[in-house]
1. Output the residue which, of all residues in region 87-96 that are surrounded by 15 or more Cβ atoms within 10 Å (Cβ to Cβ) and under 14 Å from the mean Cα position of the chain (by Cα), is farthest from Ala51 (Cα to Cα).
2. Would you call Val20 among the aliphatic types (A, V, I, L, M), surrounded by 10 or more Cβ atoms within 10 Å (Cβ to Cβ) and either closer than 20 Å to Lys73 by Cβ or at pLDDT 95 or above (or both)?
3. Please work out if Arg53 is at pLDDT 95 or above, under 25 Å from Thr106 (Cα atoms), surrounded by fewer than 16 Cβ atoms within 10 Å (Cβ to Cβ) and not β-branched (Val, Ile, Thr).
4. Report whether or not Phe89 is farther than 29 Å from Thr134 by Cα, touching a helix residue (DSSP H, G or I) at 6+ places or on another chain (Cβ under 6 Å) and either modelled with pLDDT under 90 or not in a loop (DSSP other than H, G, I, E, B) (or both).
5. May I ask you to list the residues in region 103-132 that are at pLDDT 95 or above and assigned to a strand (DSSP E or B)?
6. Out of all the residues in region 143-152, is one or more part of a strand (DSSP E or B) and either polar (S, T, N, Q) or touching a helix residue (DSSP H, G or I) at 6+ places or on another chain (Cβ under 8 Å) (or both)?
7. Taking only pairs six or more apart or across chains, which ones have beta-carbon atoms under 7 Å, a first residue in region 97-124 that is over 17 Å from Val50 (Cα atoms) and without any contact (Cβ under 8 Å) to a residue 12 or more places away in the chain, and a second residue that is surrounded by fewer than 12 Cβ atoms within 10 Å (Cβ to Cβ) and among the aromatic types (Phe, Trp, Tyr)?
8. Of the numbered conditions (1) touching a residue at least 12 places away in the same chain (Cβ under 8 Å); (2) under 18 Å from Leu54 (Cβ atoms); (3) assigned to a helix (DSSP H, G or I), Ala83 satisfies every one except a single condition; which is it?
Amino acid sequence: MARYQSWDAPFPLLRAETAVANFIASDPDRAGWFQYAIERAEDRVLIGDVAVRLHDNLEQAEIGFTVATAYQKRGYATEAVSALLDRLFRVQGLHKVSGECDARNTASAGLFERLGFTREGFLRQQTFIKGEWTDDLIYGLLAEEWIMGDEAQGL
């Protein structure tokens with residue numbers, strides 16, 4: 001689950017407690033990071049998360065997502081990120097949402113592309129993580145593209 005994350009699993013208890021305290025103090029309508037849990041509906045098991053960093057201008061955001069390996073390729077990430085994009089564009093009125101992923105993470109890149117994001121950049125050896133330099137892909141989605149995509153599908 002943590003292969004492309006800056007953190008390792010298992011996550012130390014003290015760091016987890018600090019992270020949870022920060023999550024509790026955050027607000028999805030204010031600048032900064034907010035974390036949404038992804039739960040499996042039938043039994044409310046936590047299977048991942050979607051994170052949003054709302055910019056200071058409250059018009060742009062960056063997103064990221066993680067789904068436990070056992071629950072990948074089942075549509076959970078697509079459903080969660082789609083719901084988040086609806087909130088960001090339709091409720092909060094954002095102009096643009098961006099995302100970044102390790103270039104080797106074909107599942108995340110594929111999700112961005114399926115949801116209508118445009119690949120805006122390829123950053124060579126951009127991130128030093130877990131002892132190696134990695135390439136990053138940059139994606140962006142404008143509000144008009146998300147809303148027009150829904151209209152084209154009759155939603």
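1. Looking at residues that are surrounded by 15 or more Cβ atoms within 10 Å (Cβ to Cβ) and under 14 Å from the mean Cα position of the chain (by Cα), I get Lys96.
2. No, not satisfied.
3. yes
4. yes
5. Hits for region 103-132 are Thr118, Arg119, Glu120, Gly121, Phe122, Leu123, Arg124, Gln125.
6. Among the residues of region 143-152, not one is part of a strand (DSSP E or B) and either polar (S, T, N, Q) or touching a helix residue (DSSP H, G or I) at 6+ places or on another chain (Cβ under 8 Å) (or both), which makes the answer no.
7. none
8. (1)
The values are calculated or read from the model by the stated rules, or taken from the named source; none is laboratory data. This is a predicted model, so every value here is computed, not measured. Reconstructed Cβ throughout: ideal geometry from the backbone, glycine too, with neighbour counts over all protein chains shown.
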